[in-house]
Amino acid sequence: MTDLNVKQEYLRLTYSDHHKASADEKVKKLLCIPLTQYLIFTVILGIFPLLAQMGVLTSSFVFAIGNTMIYAIMAIGFCLLMGYSGLASLGTAGFVGIGAYIAYYLMQIYGAPFGIAFIVTVMVSLLSGVLVGFISLRIEGIYLAILTLGLSEILRNTFISLKSTIKLDMSKVRLFGVKIGEEQVYLLILALFVLLLWITSNLIRSPIGRALLSVKNSTSAAQAMGINLMKYRVLAFVISTVYAAIAGLMYMMLLRNMTTSTSTLLSLATSLNILGAVVIGGAKSLWGTTFGVFIIYGLQSTLLSKVPFFVENPAFITMMTGLLIILIVMFFPGGVAQMAGNLVQKRKNGTINAQVQRRVDSYGRK
Amino acid sequence: MFAAFLSTVCGSLLSICVTALSAFSVTIIFRTSTTANFAQGSVAAFGCYVVATYLNQWGIPVYLGVLPGMIAGVLIGLFIDLVVFRKGRHVGELGKQIITMGFVSLFYGGIPLLFGNPEFIPFEPFYNTTKASVDSNVVLNAFGGEIVLTKHALISAAITAVVLAALFLLLKYSKWGLGVRTTASSEFTAELVGINTHVITAISWALACALGVLAAVMYAGGGAMINTSFMGTIQVNAFLACILGGFSTFYGPIVGAVLIPVLSNCVGFLANFPAFSDISRWQMVIVYILLLVIILIKPQGLFGKKVVKKV
Amino acid sequence: MAGSDRAYRKLVRKKTMLSAEKEYKGILLRDCENQLLQKTEVFRVQLMQDLYTAHPDWIPKEEAKRTVYENRMNQFDTDIAFTMKQASDRAAKAIVKDPGCRESEEQRLSELQKQQALLREDYSNRLAQEIDAQLTACRDGGSAKEAALAEIEQKVGAYRAQQAKTAEMQAEKIRQTEDAKIAKLTAALSRVQTAPAGKLTLPEGVVLRVQDLCMYFGGVRAVDGLSFDVKKGEIFGLIGPNGAGKTTVFNCITQFYKPTAGTLLFENKAGEIISLPEEKVHDVVQQGIARTFQNVEVIREVSVLDNLLIAGHRQFTARLITQALHLPALKKQERIIREKALRVLEFMGLTAYKDWYAAGLPYGILKKIEIARTLMCDPQLIILDEPAAGLNDTETVELAELIRRIRDTLGCTILLVEHDMGLVMNICQTICAISFGKLLAIGTPEQIQKDPQVQKAYLGENNEEVGQ
């Protein structure tokens, strides 16, 4: 018992400094707050354009990150819809078109400033979301999923019929009177993404988020506890469609060009990809969803474009994405978030195991 | 005028056959394994590519060439159900559907890799086994005008009718059919009464994929260009047919599959009237809106039954 | 009608905010007090620590010996239990792989256990010896120690007095601001026009009146002309054979079904008489009726505490924007309702399960959570749908106790459906027996037991089980 000093140990046990949190613990606690995480994320991604100017990163890399964030905005809304409200919807893609076409008609044709286009996008998609929400009360499950698919196709075909190719001339875009160039678009996307991420995270950890979960788990219990099914279903759809429309608006700002008849942006493929991203990341995890979007949309244009093999055979990347989705669902139903959680748990357990083992060994010795 | 109308309706014959087979496939998979098979179109396309290879490289007649494609479909279906679904750890309903989506991507990338140029492979329709000069249309003179039907469509219709009739007879009278209907009703209970649901679902998947390939071959033979996503619209229509008819029955989706192409062609027919001459642009939109309205009126499908949970 | 009126909604909202504000005042004052105690304690601990660090020989010997010994032995026991569990897990896995080696594995485990027991004894002895050895070497503090301790107490006293002054000022400020807010809300409340008293009346003391209730599903008459009154503060039992329509009656009362015909009058929390069929199903709880379900409908994806927070959903008056931006108003409300939830958990004895996910919990606990949920809403009337289903005899007795305790503490009325005759006859003041949707008899337990129709339809000719 060489380590036993009775006096010190008594002091430690009775008068420990447990009320004073060490600096280390304080930092850990701060990092756990979502807001801190989002701010750090903003800062890191915010300096990318600077790094591109300095030549550390290529501008196509920054562009690709911006593109990924647009899909991430869609995915965050979808995460709330699927993971927290349990509503199946394959209509995400169609609502993206709303934002894109409003961008075209308002900013290109009528020369309206960005702010107006944004507000109109939100309002139109809000109304659409309310409509779909009301529909969802009559129809459930697979019927709802396919119905939303039908809605998405309606929207897509409508847009193709309206104008099959839309272009946005950046010189016409103004935000609060200031002309927006390419770098500013990236920062705008980043700002919107983090803002929406933060709002969604707040909603999830608020009574609204809990109400959504209760509607998902048991409609009877939810109603008995005073939760209005209609209100929350509509809310879930509204958020999903508004986010998708905002993503469409930003898509036009970033890419400035879309040939709707051949583009896959408004087709079932995008809806399925977003669904896949949410599932890969973990249906209830926002960071996981962001990661999933990066895997599906970002990996190809950022990292793999450096590898010549993948540039020549883009089909491989699609295959790998499909394979990844299949494997993750087969072996990690909770997605990357679950994997990460398991790893952290294993590490914790390993540390505990090691500590206990050391102590047990010492009991036998003097 | 009426003849022209009938002609338009008959023009949708091929689409009806293709959609009906696809809808049946989607239904049987959905009823037995509660999965919406998003890979239906992709598997069908893959099988079609296999068939095309046999046709073009070895000049095999199309009637025989269909077989390797269907066998490929069967193998893929069995693989998905027996290997992927069973080996996975707690793959739930949603999980299975996501896996089918993964297969879409897998095929989307895999088809170009396996078959080279993915865009266009010339394909032969059913009527023509050797000669290209045989008259391909059947013309009926009735109702004061000409009604044109392609032989390919007629042969396809005959094949579809025989296949579906055989399947419905099997479903109603055979032991396998009883197993399918029981599993469709409740998989858990079916297992308890001794039905081997694993075999049932595996056969369902195999059957569905084979039928999908058959549908794709018919569709390609009708003049469609083959590429990796050429069955996309058919798949969407098949899903819509299923919810139009309702998943509660097996014949409902077939009825839906008849309605959708007919409706679509009827709306297209309106282009003959000067007031609606521009309608071809909005054809699909109108059709889908009509479908949505019907579904809203009958949320469980035309033949569906509402399941009420007892509190 | 008062129930769905906008004015009523406004009234309820302001009332909720008012009671929340009052609770919050209590919370803030308690916080203030706790902070004072904590600060004093911290100060004292710091002084004691400094003293004993400077003079390590002065530590109280007996206490030190006991503390250190116990702590070390506890750690030892935990570690040993941990190793034993790991060993038995490994053994179980090995046995699953190869059932033949079961004997050898079990033998190995028992040997390990013996080994650990010996190790414990040895360790315990050595530990005690070492502690004694170290402590006997200490010199006693004597009078210097006494003086130092006295000085510390003096300092602590002075500190406490000083802190108490600031705390009192703080508390006074809190009282002022909160009272101002409460006064403002009370004034606003009194300004809200309530709808003129409706024409519906209930006799004094009756909280729920069911009159000629009919629920027909096509040709099936689930409930056929049922009438009964539930008096305030009583425990009312509804019995009947399976399929008699009991749950249907509950569903009609709570508006999960809209009755085909009949009147349902209820005296809500505001003291008004309302007609229940005019309420939407999710507004029923606001009127003061809370219910449990026959098939336990607990939200399995969240923790037990979150289940209760959801149950308090209507008490959150924060708007969408407040929740989207997590404004301080939301945090305040979360605090209030969280404290309430913790109180309810303590009342139900579920505090240990507070952060556990509801998904894996045993059936009995889930049933308790269901009942806890009803308590969150401060209900006038609690409807329990077969609360004793699936519980054994002991648990049923506990349940009876719990139901009585709820009624006595909260003063609410309880309406229950139950098949366990012992429970029903034991706690109910009035029992209503129904069969095939029609009333058989209604009265006290004794009357029901004696009623020949009830005996024939339900209890059986032999009244053995009844009347314990």
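Only one entry of A:A117, A:A93, A:A112 meets the criterion of being away from chain B (no Cβ under 14 Å), buried (at least 19 other Cβ atoms within 10 Å of the Cβ) and assigned to a helix (DSSP H, G or I), and that entry is A:A117. When you check A:S136 against the structure, is it more than 9 Å from every other protein chain (Cβ to nearest Cβ), in contact with a helix residue (DSSP H, G or I) (Cβ under 7 Å, 6 or more places away or on another chain) and either surrounded by fewer than 21 Cβ atoms within 10 Å (Cβ to Cβ) or touching a residue at least 40 places away in the same chain (Cβ under 8 Å) (or both), yes or no? For A:S136, the condition - more than 9 Å from every other protein chain (Cβ to nearest Cβ), in contact with a helix residue (DSSP H, G or I) (Cβ under 7 Å, 6 or more places away or on another chain) and either surrounded by fewer than 21 Cβ atoms within 10 Å (Cβ to Cβ) or touching a residue at least 40 places away in the same chain (Cβ under 8 Å) (or both) - is met. Does the range B:9-32 contain at least one residue that is farther than 28 Å from A:L149 by Cα and hydrophobic (A, V, I, L, M, F, W, C)? No, every residue in the range B:9-32 fails to be farther than 28 Å from A:L149 by Cα and hydrophobic (A, V, I, L, M, F, W, C). Among the residues of the range C:349-383, just one is free of Cβ contacts under 8 Å to residues at least 60 places away in the same chain, crowded, with 20+ Cβ neighbours inside 10 Å and of a type in the set (D, E, K, R), namely C:K368.
In the set (1) of a type outside the set (V, I, T); (2) more than 22 Å from the chain's Cα centre (by Cα); (3) within 10 Å of another protein chain (Cβ to nearest Cβ), the condition left unmet by A:S261 is number (3). Against the criterion of being in contact (Cβ under 8 Å) with a residue 40 or more places away in the chain, surrounded by 13 or more Cβ atoms within 10 Å (Cβ to Cβ) and part of a helix (DSSP H, G or I), A:G86 does not qualify. Of the listed requirements (1) more than 10 Å from chain A (Cβ to nearest Cβ); (2) without any contact (Cβ under 8 Å) to a residue 60 or more places away in the chain, C:D306 misses just one: (1). For the range C:23-38, does any single residue satisfy the condition of being modelled with pLDDT of 85 or more, farther than 30 Å from C:R175 by Cα and surrounded by fewer than 16 Cβ atoms within 10 Å (Cβ to Cβ)? No, because not a single residue in the range C:23-38 is modelled with pLDDT of 85 or more, farther than 30 Å from C:R175 by Cα and surrounded by fewer than 16 Cβ atoms within 10 Å (Cβ to Cβ).
Being loosely packed, with under 12 Cβ neighbours inside 10 Å, hydroxyl-bearing (S, T, Y) and part of a helix (DSSP H, G or I) is a description that applies to C:S190.
Of the residues making up the range B:252-270, none is away from every other protein chain (no Cβ under 14 Å) and outside any helix (DSSP H, G or I). Taking the listed residues B:T34, B:T53, B:T19, the one that is of a type in the set (S, T, Y), buried (at least 24 other Cβ atoms within 10 Å of the Cβ) and touching a residue at least 40 places away in the same chain (Cβ under 8 Å) is B:T19, with no other qualifying. In the set (1) touching a helix residue (DSSP H, G or I) at 6+ places or on another chain (Cβ under 6 Å); (2) of a type in the set (V, I, T); (3) more than 22 Å from B:I159 (Cβ to Cβ), B:I297 fails one condition alone, (1).
The condition (being part of a loop (DSSP other than H, G, I, E, B) and within 13 Å of another protein chain (Cβ to nearest Cβ)) is satisfied by just one residue among A:L80, A:L13, A:L35, A:L4: A:L4.
Checking C:A91, C:A87 one by one, the residue that is touching a residue at least 24 places away in the same chain (Cβ under 8 Å) and over 23 Å from C:Q154 (Cβ atoms) is C:A87 and no other.
All conditions in (1) over 30 Å from C:K39 (Cβ atoms); (2) over 39 Å from the mean Cα position of the chain (by Cα); (3) within 14 Å of chain A (Cβ to nearest Cβ) hold for C:E111, with the sole exception of (3). Of the residues A:G288, A:G298, the single one that is surrounded by 24 or more Cβ atoms within 10 Å (Cβ to Cβ), within 28 Å of A:G91 (Cα to Cα) and under 17 Å from the mean Cα position of the chain (by Cα) is A:G288.
Being within 7 Å of another protein chain (Cβ to nearest Cβ), surrounded by 20 or more Cβ atoms within 10 Å (Cβ to Cβ) and in a helix (DSSP H, G or I) is a property that C:I337 lacks.
Determine whether B:L78 is out of contact with any Gly (no Cβ under 7 Å at 6 or more places or on another chain) and either surrounded by fewer than 20 Cβ atoms within 10 Å (Cβ to Cβ) or at pLDDT below 80 (or both). Criteria met by B:L78.
Of everything in the range C:119-138 that's within 9 Å of chain A (Cβ to nearest Cβ) and under 44 Å from the mean Cα position of the chain (by Cα), which residue is farthest from A:V360 (Cα to Cα)? Among them, the one singled out is C:L127. Residue check: B:S248 meets all listed conditions (1) in contact (Cβ under 8 Å) with a residue 12 or more places away in the chain; (2) in a helix (DSSP H, G or I); (3) more than 28 Å from B:I111 (Cα to Cα); (4) not basic (K, R) but one, namely (2). Of the residues making up the range C:285-295, one or more are surrounded by fewer than 16 Cβ atoms within 10 Å (Cβ to Cβ), part of a loop (DSSP other than H, G, I, E, B) and within 10 Å of another protein chain (Cβ to nearest Cβ). Whenever a residue of the range A:324-353 is under 16 Å from B:T100 (Cα atoms) and without any contact (Cβ under 8 Å) to a residue 40 or more places away in the chain, its partners that are surrounded by 13 or more Cβ atoms within 10 Å (Cβ to Cβ) and among the aromatic types (F, W, Y), lying with C-beta atoms within less than 9 angstrom and at least six residues away or across chains, give the pairs A:I326/B:F103; A:M330/B:F85.
The values are calculated or read from the model by the stated rules, or taken from the named source; none is laboratory data. Just so we're clear, the structure is a prediction, and the values are computed from it rather than from any experiment. Methodologically, a virtual Cβ is constructed for each residue, glycine included, from the backbone with ideal geometry; neighbour enumeration extends over all protein chains shown.
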